[in-house]
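Just below is one structure, and these are the notes that go with it.
The values are calculated or read from the model by the stated rules, or taken from the named source; none is laboratory data. Just so it is clear, the model here is predicted, and its values are computed rather than measured. Glycine also receives a Cβ, built like all others from the backbone with ideal geometry; neighbour counts cover every protein chain displayed.
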Amino acid sequence: MKTESYNPSTIEVELATVLTNLKKEIESGLSNNTIEHISANVKLDNPTINIKTRDVDGDPHEVVIRIIQRPDNF
């Protein structure tokens, strides 16, 4: 299926939503951090996922993932 809109694209929004719902699975792969909060902003041109964590020393950290779909290249 040809992508008609990239701002944001359907797959960008769906991936952001799915990844946000995988909090427990993502956290289980982190050796020294727990996830305090995870959220997605799917209204941006390139949706972002914000992950707030806390390490074993109690220090807070934040990781931001930006989802970008490249234009179709047929």
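Worth a mention:
- Only residues that are under 30 Å from residue 71 (Cβ atoms) and either surrounded by 16 or more Cβ atoms within 10 Å (Cβ to Cβ) or at pLDDT below 95 (or both) were counted across region 27-42, and they come to 3.
- Filtered residues of region 38-60 (kept if small (Gly, Ala, Ser) and within 30 Å of residue 10 (Cβ to Cβ)): 39, 40
- Qualifying positions in region 1-52 - of a type outside the set (A, V, I, L, M) and touching a Leu at 6+ places or on another chain (Cβ under 7 Å): 8
- Flag for residue 14 being closer than 12 Å to residue 69 by Cβ, surrounded by 11 or more Cβ atoms within 10 Å (Cβ to Cβ) and either of a type in the set (D, E, K, R) or at pLDDT 95 or above (or both): yes
- Here 20, 3 are screened, and the one residue that is modelled with pLDDT of 95 or more and surrounded by 10 or more Cβ atoms within 10 Å (Cβ to Cβ) is 20.
- Filter result for residue 15 (closer than 30 Å to residue 73 by Cβ, in contact (Cβ under 8 Å) with a residue 40 or more places away in the chain and not in a strand (DSSP E or B)): yes
- Contacts under 6 angstrom Cβ, first residue in region 18-34 being aliphatic (A, V, I, L, M), partner surrounded by 13 or more Cβ atoms within 10 Å (Cβ to Cβ) and at pLDDT 95 or above, 6 or more apart: 19/49
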